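Peer 1: Just dropping this structure here.
The values are calculated or read from the model by the stated rules, or taken from the named source; none is laboratory data. The structure displayed is predicted, hence computed values, not measured ones. Here the Cβ is made from the backbone with ideal geometry for all residues, glycine too, and neighbour counts use every protein chain on show.
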Amino acid sequence: MKADAAILGGGLAGLTAAIILQRSGYQTILVEKKVYPFHKVCGEYLSLESEPLLRWLGIPTRQMDLPVLRKLRITEPSGLSFQGNLPLGGIGISRYLLDYELKKILEKEGGLVLDGTSATGITQTEEGIEIRTNHPQYDRFGVRLALGAFGRNKPGFLQEEDRQRSGFIGVKRHVKADIPADRIELHHFPGGYCGISAIENGAYCLCYLLDEGISKEQKGNLEEIERRYLFQNPVLARYLAEFEPLTGRVSTAGVMFRPRPLSRDGLLFLGDSAGMIPPLAGNGMSMALHSAVLAAEISGLYLSGQITLKQWAKDYEKQWKSAFSIRLRMAGNLQHIMENPNFTRLTLRSFRLFPALFSLSARLTHGSNIPLPGSTAKTGNK
C-alpha cells in the first residue's frame, strides 16, 4: 500500500495534522496504539486561541455548551491563595470526547485510521519511507513523509535519547464537583500540584503532577499518595473527600519538561513529542494544535514539490521556535516556582500585591488565534 503521509500517534497534534493533509488532497494514514475513544492524562483546558481552528476542523464548539473558563484560583498548603481573571480564557473539553470527534472527522475526510496499532519501525528507502506496524493487514506500507505525534512516549525504535526516566507522574480522573464552572483551580501540595476545571456534561477534570520519587517511595499506591501529600493542602483535602468520582484514575510516569529534537530520522515531531509543555502554560492542548498546523502546512509544501526534504525540517524548526520559545520559557519558569513551596508563597504574595504581574504572566503563556491552514506556509526557499 502507498500513501502520501503517515502520522504516528493519534492525539490532538496527530489528528489535526492528518485532517489538514487529507483536506489538502494528500492520502494520509494515522497510526494510534490505543482504541478510540480513550482517556488521557491531560488538564483538558483549551485556550480560546484554538477555537477558530477547532471550528475549521469541524468541531462545533459553540453548539456544544462547553464551559468557558475566565478565572484562575491558586492555593498552597498554608492557606495562602490568589484569584485573578484570565486575559484570554478558554473552554473545558475532555480528550475522550475531542480526540474521538477528530478521529471521526478524519475518517469522513477519507483518511485511514489504524487505532489499536503500534508502529514498530521506520526505514528510509529510495522511494520514500516504509512504515512497519503490528496491524494484521497494514503491517508495512510506504509513504512520502512521516510525522511523529506519539506524545511523551516515543516508540521503542526511537527511544535512545529517553532511556532515563525521571521527573513526574501525572494522574487524572473526572469528578462531580461544586466549584464555579468558569474557574480553573490550581492547588499546590508538597511534591506537586493539582488542577481542577469544568469540562462537558457538568463533569470536572481533576489532574495532578507529582514528583516521581514520591510515587516510588509509596510503591505507586495513589490512594496513599493522595492521603499523605495532596491532603496537606486543606482545599484539596476537602475536595478529595467530597467530590464524587465519575471515572477511574488514569496515570502516566516519566513526565519530563525539557527540550527535545524537532526532527530525527526523517520525522518531524509535533506536540509533546517535540518537548513536554509544562501544564502551567495552560496551553498544552493549544500548542499541540498549533504545532500540527505548522507541520502540516510545511509538509504540504514538500509534498507539492515546493521545498526539499532538508528545507522541510529546517523551516519547521524555525517556525516552531518562533511560535513557542517565549511561551515555553515563561511556562518553565512558572513550573520551577511551583516545584518549590517557598517560591510558590512568594509568587502568590506578589500576585496579590501586584495583580498586573499575574496578568502579564498569563499573557506571556498564551498566544493570539492559531493561524488557520492556508495562512502559515512560509519558506525561505521560494
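Peer 1: List every residue pair whose Cβ atoms lie under 7 Å apart, where the two residues are 6 or more positions apart in sequence or sit on different chains, the first residue falls within segment 306-327 and is in a loop (DSSP other than H, G, I, E, B), and the second residue, located anywhere, is surrounded by fewer than 16 Cβ atoms within 10 Å (Cβ to Cβ).
Peer 2: Matching pairs, first to second residue: 307/381.
Peer 1: With a cut-off of at least 3 residues that are closer than 30 Å to residue 22 by Cβ, name the strands (runs of 3 or more DSSP E) lying wholly within segment 108-205. Quick ask: steps written out before the conclusion?
Peer 2: Details: elements: 112-115, 119-125, 128-133, 140-143, 145-148, 168-176, 183-189, 192-198.
Output list reads 112-115, 119-125, 128-133, 140-143, 145-148.
Residues are listed down the side, and each one gets a yes or a no for (1) in contact with a helix residue (DSSP H, G or I) (Cβ under 8 Å, 6 or more places away or on another chain); (2) part of a helix (DSSP H, G or I); (3) at pLDDT 90 or above; (4) hydroxyl-bearing (Ser, Thr, Tyr):
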site	(1), (2), (3), (4)
280	yes, yes, no, no
291	yes, yes, yes, yes
296	yes, yes, yes, no
335	yes, yes, no, no
344	yes, yes, no, yes
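Peer 1: What pairs come out if I take residues in segment 48-77 that are in contact (Cβ under 8 Å) with a residue 12 or more places away in the chain and pair them with residues that are part of a strand (DSSP E or B) and aromatic (Phe, Trp, Tyr) whose C-beta lies under 6 Å away, six or more apart or interchain?
Peer 2: 74/82
Peer 1: Quickly run through segment 55-67 and pick out the residues that are touching a strand residue (DSSP E or B) at 6+ places or on another chain (Cβ under 8 Å) and more than 20 Å from residue 173 (Cα to Cα).
Peer 2: Residues of segment 55-67 that are touching a strand residue (DSSP E or B) at 6+ places or on another chain (Cβ under 8 Å), as a first pass: 61, 66-67.
61, the sole residue that qualifies.
Peer 1: Further question: Can you find a residue that is outside any strand (DSSP E or B) and on the phi > 0 side of the Ramachandran plot anywhere in segment 89-100? Steps first, please.
Peer 2: Step one: list which residues in segment 89-100 are outside any strand (DSSP E or B), which gives 93-100.
Still in the list and also on the phi > 0 side of the Ramachandran plot: none.
No, because not a single residue in segment 89-100 is outside any strand (DSSP E or B) and on the phi > 0 side of the Ramachandran plot.
Peer 1: Restricting to segment 166-184, what's the tally of residues that are modelled with pLDDT under 95 and either touching a Cys at 6+ places or on another chain (Cβ under 9 Å) or among the small types (Gly, Ala, Ser) (or both)?
Peer 2: The number of residues fulfilling the criteria is 3.
Peer 1: For residue 256, all conditions in the list (1) touching a Gly at 6+ places or on another chain (Cβ under 7 Å); (2) modelled with pLDDT of 95 or more hold save one; what is the number of the exception?
Peer 2: So residue 256 meets the others, but not (2).
Peer 1: What is the residue count in segment 30-79 for residues that are closer than 25 Å to residue 344 by Cβ, part of a loop (DSSP other than H, G, I, E, B) and more than 19 Å from the chain's Cα centre (by Cα)?
Peer 2: 4
Peer 1: From the set of residues in segment 80-118 that are under 21 Å from the mean Cα position of the chain (by Cα) and free of Cβ contacts under 8 Å to residues at least 60 places away in the same chain, which is surrounded by the most Cβ atoms within 10 Å (Cβ to Cβ)?
Peer 2: Checking each candidate, the answer is 91.
Peer 1: Do any residues in segment 213-236 that are at negative phi and among the polar types (S, T, N, Q) have Cβ atoms under 6 Å from those of residues that are crowded, with 17+ Cβ neighbours inside 10 Å and assigned to a loop (DSSP other than H, G, I, E, B), where the two are at least six apart or on different chains, and which pairs are they?
Peer 2: 232/77; 233/77
Peer 1: Just one of the numbered conditions (1) part of a strand (DSSP E or B); (2) without any contact (Cβ under 8 Å) to a residue 24 or more places away in the chain is not true of residue 268; which one?
Peer 2: Unmet condition: (2).
Peer 1: Would you check which residues across segment 218-235 are assigned to a helix (DSSP H, G or I) and under 20 Å from residue 341 (Cα atoms) and list them? Show your work before the answer.
Peer 2: At the first step, the residues of segment 218-235 found to be assigned to a helix (DSSP H, G or I) are 222-228, 230-232, 234-235.
Passing the criteria: 225, 226, 227, 228, 230, 231, 232, 234, 235.
Peer 1: Can you name the number of the only condition in (1) farther than 30 Å from residue 345 by Cβ; (2) in contact (Cβ under 8 Å) with a residue 24 or more places away in the chain; (3) outside any helix (DSSP H, G or I) that residue 25 fails?
Peer 2: (2)
Peer 1: Go over the candidates 45, 26 one by one and state the one that is under 22 Å from residue 174 (Cα atoms), of a type in the set (Ser, Thr, Tyr) and either touching a helix residue (DSSP H, G or I) at 6+ places or on another chain (Cβ under 9 Å) or surrounded by 22 or more Cβ atoms within 10 Å (Cβ to Cβ) (or both). Let's see the steps before the verdict.
Peer 2: On the way: 26 fails: under 22 Å from residue 174 (Cα atoms).
The unique qualifying residue is 45.
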